[in-house]
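**Student:** One structure coming up, written as structure tokens, with questions to follow.
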Protein chains: 2
Amino acid sequence: MLQNRGRNKEKEIYQVAAHLFNKHGFGSTSIRQICSTIGIRESSLYHYIRNKEDLLFNICESSMLQSLKGVEPIRMSNAPSVAKLRKLIETHIVTIAQNANEHSTMLKELRSLGPKNQRKIIKLRDQYEGICRQIIQECLTAKVPQKAKIVSLALLGMMNWLIHWYSPEGNMKSEEIAQVFEDLFIGGIYQRSYPRDKRKRI
Amino acid sequence: MLQNRGRNKEKEIYQVAAHLFNKHGFGSTSIRQICSTIGIRESSLYHYIRNKEDLLFNICESSMLQSLKGVEPIRMSNAPSVAKLRKLIETHIVTIAQNANEHSTMLKELRSLGPKNQRKIIKLRDQYEGICRQIIQECLTAKVPQKAKIVSLALLGMMNWLIHWYSPEGNMKSEEIAQVFEDLFIGGIYQRSYPRDKRKRI
């Protein structure tokens, strides 16, 4: 019972911290602010965390582990490569939408971690990006690694930018947004031809 | 001559501030740090700016005005709509790449501005997004405003994410990246059909 209460409090601390980091930035959020939002003393907070960077690191790590957990079964699947890509897009977008503050913090505040912690998160991020690139590479007709890299970054940008505009109160559910993105991106990869004059430049 | 030196100093202040804001975040960058990087006294700095927020506001405003200046002739052009979209993508990417620190700061630190300044920048940003949406809407075969909105946000995300990975020392020039993005995005918009099984889900 007491243990449960402790775990709930810890969860609350991380949720509040992610919310404040996302809203005001890591550098502009103080431990004092976090405590007063939750309604606990600073001394109690240090029962759960060592310092502010610790808090940020755990948020970033949790965000990346969650993302990796979502994408791992897709990587392992024997489904057709485009079905895998669709699933990847859907999973990524729904994951961000469900835990927007945590993922936003990871995406915006990596620079605020010390070098050692930063390296740990970048390693997880590289692992995730590697899986995306691999799934995309399977879909590309011309297997040019450089192109797979840029195309992956295009997709990641398209999806991650959600942190700047997605709202659960918006007109579209995250699954519907994912559908538009899937069609757009997969249509782009499988472009065959479009009218010649569409390549004309101004 | 003296006026020129003043203008150069002002330019340097903004460049250094944008670099530090981008690298460490607005909240973690002090006026002291900016001064010591440039090698001037704090009292001299206040000859050019009123406070740190002033600095951020001017960086954000300059970024947005530059972007709007780039896109305005495209909006006014009588070229075919897809040629306009290609030009928009190229201009956006090259603009970000040329002034990465300034545009990154605008994209990351809007939240650090006070409400009044934030509103001013958001007004400019909405103006820019409106132009993008208009150009995209012209290209869409089905003129559904909701779709144009999501598709615009997909494109803006794809392009703006550059701030997290573009490096002038990288393998690809910004114009080459733009070319990949143009083909991908326009291919996505003009998708006609792709093999049926590609819509299958897992």
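The values are calculated or read from the model by the stated rules, or taken from the named source; none is laboratory data. On a predicted model such as this, the values are computed, not experimentally measured, just so you know. For neighbour counting, all protein chains shown are included, and Cβ atoms are generated from backbone atoms with ideal geometry for every residue, glycine included. Accessible surface areas use protein heavy atoms only, side chains included; no ligands, DNA or RNA. Shrake-Rupley method; radii C 1.70, N 1.55, O 1.52, S 1.80 Å.
**Student:** Pick from A:ILE96, A:ILE59: which is within 10 Å of the chain's Cα centre (by Cα) and either closer than 20 Å to A:LYS11 by Cβ or not in a helix (DSSP H, G or I) (or both)?
**Tutor:** A:ILE96
**Student:** On the basis of being open to solvent by 30 Å² or more (accessible area, probe 1.4 Å) and without any contact (Cβ under 8 Å) to a residue 40 or more places away in the chain, does A:ALA100 make the cut?
**Tutor:** no
**Student:** Would you say A:SER62 is of a type in the set (Ser, Thr, Tyr), closer than 22 Å to A:ASN99 by Cβ and in contact with a Ser or Thr (Cβ under 8 Å, 6 or more places away or on another chain)?
**Tutor:** no
**Student:** Specify the residue that is farthest from the other protein chains (Cβ to nearest Cβ); the eligible residues are those in region A:157-173 that are in contact (Cβ under 8 Å) with a residue 40 or more places away in the chain and open to solvent by 10 Å² or more (accessible area, probe 1.4 Å).
**Tutor:** A:PRO168
**Student:** While we're looking at this one, here's another question. If A:MET106 satisfies all but one of (1) within 7 Å of chain B (Cβ to nearest Cβ); (2) open to solvent by less than 30 Å² (accessible area, probe 1.4 Å); (3) out of contact with any Phe, Trp or Tyr (no Cβ under 9 Å at 6 or more places or on another chain), what's the number of the condition it fails?
**Tutor:** So A:MET106 meets the others, but not (1).
**Student:** Considering only residues of region A:21-58 that are in contact (Cβ under 8 Å) with a residue 12 or more places away in the chain and aromatic (Phe, Trp, Tyr), which is most open to solvent (accessible area, probe 1.4 Å)?
**Tutor:** Here the residue is A:TYR48.
**Student:** Is it true that some residue in region B:191-200 is modelled with pLDDT of 90 or more, open to solvent by 10 Å² or more (accessible area, probe 1.4 Å) and more than 7 Å from chain A (Cβ to nearest Cβ)?
**Tutor:** Within region B:191-200, not a single residue is modelled with pLDDT of 90 or more, open to solvent by 10 Å² or more (accessible area, probe 1.4 Å) and more than 7 Å from chain A (Cβ to nearest Cβ).
**Student:** Could you please give the count of residues in region A:72-87 that are free of Cβ contacts under 8 Å to residues at least 60 places away in the same chain and either more than 10 Å from every other protein chain (Cβ to nearest Cβ) or of a type outside the set (A, V, I, L, M) (or both)?
**Tutor:** The total comes to 9.
**Student:** Using the structure shown, decide if B:GLU12 is in contact with a Cys (Cβ under 7 Å, 6 or more places away or on another chain) and either at pLDDT 95 or above or at negative phi (or both).
**Tutor:** For B:GLU12, the condition - in contact with a Cys (Cβ under 7 Å, 6 or more places away or on another chain) and either at pLDDT 95 or above or at negative phi (or both) - is not met.
**Student:** Confirm whether A:CYS132 is within 16 Å of A:LEU88 (Cβ to Cβ) and either loosely packed, with under 14 Cβ neighbours inside 10 Å or more than 10 Å from chain B (Cβ to nearest Cβ) (or both).
**Tutor:** Yes, satisfied.
**Student:** Now for a separate question. Which members of region B:22-55 meet the condition of being under 16 Å from B:LEU113 (Cα atoms), part of a helix (DSSP H, G or I) and among the charged types (D, E, K, R)?
**Tutor:** Scanning region B:22-55 gives B:LYS52, B:GLU53, B:ASP54.
**Student:** With the structure loaded, tell me whether A:SER77 is within 27 Å of B:LEU153 (Cα to Cα), more than 17 Å from the chain's Cα centre (by Cα), of a type in the set (S, T, N, Q) and surrounded by fewer than 18 Cβ atoms within 10 Å (Cβ to Cβ) or whether it fails that test.
**Tutor:** No; evaluated as a whole, the condition is false for this residue.
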